[in-house]
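A short worksheet on the structure shown next.
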Amino acid sequence: MTLGGLALAIGILVDDATVTIENIHRHMAKQPLFDAVLHGASEIATPTFVSTLTICIVFVSVVFLTGPAKYLFTPMAMAVVFSMLASYILSRTLVPTLVKYLLAGEVHASEEAPDHTTEARRPSWFARFNDRFNTGYLRVQSYYTSLLHRFLEHRRIAFITCV
């Protein structure tokens, strides 16, 4: 039942971090990165807290069940409540910190953002890793595509000779 509770809440758990990242990214076009992280994360703290609290209140009522239903549904409700609270805390602390470090190499050329320059900077290790990964992925994809074309062409010729 605990895993069922986590499966029930997984969309909401990911949503907290996604909303935080999207709001910070929206602010990055107008402000320096540090200010964008501060304003973007603090701007959605109250609405996200209210929605988290609302969901937790709904599941707290399960604690007052009696009999066999209590033993079945209480672990699920507690898993949802604790995971929601942990998601809220992480989306207010860890996610903005990671955004600050991982999006530092992303440049938004804007006149309103004073520290965003259009001059070329050395890409971060994350950007270099991402570029290498994408290059390798495209190489594997083109090899697979050519292999698939050859296989299908061979099958088409075999099918035509059989007919």
Exercise for review: Only residues that are more than 13 Å from Tyr101 (Cα to Cα) and in contact with a helix residue (DSSP H, G or I) (Cβ under 7 Å, 6 or more places away or on another chain): list them for the stretch 13-25, please.
Suggested key: Leu13, Asp16, Ala17, Val19, Thr20, Asn23
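Does the stretch 102-117 include one or more residues that are modelled with pLDDT of 85 or more and not polar (S, T, N, Q)? Quick ask: steps written out before the conclusion?
If we filter the stretch 102-117 for residues that are modelled with pLDDT of 85 or more, which is where we start, we get 102.
Keeping just the survivors that are not polar (S, T, N, Q) gives 102.
Yes; the residues of the stretch 102-117 include at least one that is modelled with pLDDT of 85 or more and not polar (S, T, N, Q).
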Review point. Can you tell me which residue in the stretch 7-31 is farthest from the chain's Cα centre (by Cα), limited to those that are hydrophobic (A, V, I, L, M, F, W, C) and under 14 Å from Ser42 (Cβ atoms)?
Key: Ile24
Exercise for review: Can you give me the ranges of the helices (runs of 4 or more DSSP H) entirely in the stretch 1-104 with at least 2 residues that are open to solvent by less than 40 Å² (accessible area, probe 1.4 Å) and over 27 Å from Pro123 (Cα atoms)?
Suggested key: 2-28, 45-60, 68-102
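The values are calculated or read from the model by the stated rules, or taken from the named source; none is laboratory data. Computed from a predicted model, the values in this text were never measured in an experiment. Methodologically, a virtual Cβ is constructed for each residue, glycine included, from the backbone with ideal geometry; neighbour enumeration extends over all protein chains shown. Only protein heavy atoms, including side chains, enter the accessible area calculation; ligands, DNA and RNA are left aside. Shrake-Rupley method; radii C 1.70, N 1.55, O 1.52, S 1.80 Å.
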